[in-house]
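The values are calculated or read from the model by the stated rules, or taken from the named source; none is laboratory data. Worth saying up front: this structure is predicted, and the values here are computed from it rather than measured. Glycine also receives a Cβ, built like all others from the backbone with ideal geometry; neighbour counts cover every protein chain displayed. In case anyone asks, the SASA skips ligands and DNA or RNA and just uses the protein heavy atoms, side chains included. Shrake-Rupley method; radii C 1.70, N 1.55, O 1.52, S 1.80 Å.
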Amino acid sequence: MHLKDGTKMLHTQFTANEDTKHLGVEEFLKAFRQYCIPFTSKETLWNEFQAIRQTLNGRTLPIQDIANTIKQYQMQLPRISNWQCYHQLLEAMDIPLLQAVRPFINEDMEWDKLIE
């Protein structure tokens, strides 16, 4: 097995440990996965998608920015449907904006028209 940098160090620790030194490559890879969850893992992206809000750190962001963020997550997670994007947009909106626009929008509208 050819390893370098941090992976090599983890493998050295794995093989030096009395409890794990007799285990093979497959077991090392299972242990290694615990340390290497990519920042783009589907679960992490999904949680970030669901946490999108218009107000961030006391600042109210333009709804167009929120809509763009939602669509960016849809590109990273193709399983997110347009229906989910619509409902996430509603969830993300501040209450006064939601109350003002709710009668004029629906999930069947084109995304650009919806944001307009």
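If the condition is being open to solvent by 70 Å² or more (accessible area, probe 1.4 Å), modelled with pLDDT of 70 or more and not in a helix (DSSP H, G or I), then the range 18-43 contributes GLU18, ASP19, LYS21, HIS22. For the range 55-98, filtered to residues that are without any contact (Cβ under 8 Å) to a residue 24 or more places away in the chain and of a type in the set (Gly, Ala, Ser), the residue that is farthest from GLU43 (Cα to Cα) is GLY58. Pairs are defined by a Cβ separation below 8 Å, a sequence spacing of at least 6 or placement on different chains, a first member in the range 100-113 that is among the aliphatic types (A, V, I, L, M), and a second member that is at pLDDT below 90; the pairs so defined are ILE105/LEU114.
Give the residue that is surrounded by the fewest Cβ atoms within 10 Å (Cβ to Cβ), with candidates limited to residues of the range 87-111 that are over 14 Å from the mean Cα position of the chain (by Cα) and closer than 14 Å to GLU48 by Cα.
Within the range 87-111, the subset over 14 Å from the mean Cα position of the chain (by Cα) is 87, 89-111.
The next check asks that each one be closer than 14 Å to GLU48 by Cα; those that pass are 89, 91-92.
Numbers: LEU89: 23, GLU91: 14, ALA92: 22.
Filtering the range 87-111 for residues that are over 14 Å from the mean Cα position of the chain (by Cα) and closer than 14 Å to GLU48 by Cα, the one surrounded by the fewest Cβ atoms within 10 Å (Cβ to Cβ) comes out as GLU91.
One line per residue, one yes/no per condition, for (1) assigned to a loop (DSSP other than H, G, I, E, B); (2) touching a Ser or Thr at 6+ places or on another chain (Cβ under 7 Å); (3) open to solvent by less than 40 Å² (accessible area, probe 1.4 Å); (4) among the aromatic types (Phe, Trp, Tyr):
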{"site": "LEU45", "(1), (2), (3), (4)": "no, no, yes, no"}
{"site": "GLU48", "(1), (2), (3), (4)": "no, no, no, no"}
{"site": "ARG53", "(1), (2), (3), (4)": "yes, no, no, no"}
{"site": "ILE66", "(1), (2), (3), (4)": "no, no, yes, no"}
{"site": "THR69", "(1), (2), (3), (4)": "no, no, no, no"}
{"site": "GLN72", "(1), (2), (3), (4)": "no, no, no, no"}
{"site": "MET75", "(1), (2), (3), (4)": "no, no, no, no"}
{"site": "PRO78", "(1), (2), (3), (4)": "yes, no, no, no"}
{"site": "CYS85", "(1), (2), (3), (4)": "no, no, yes, no"}
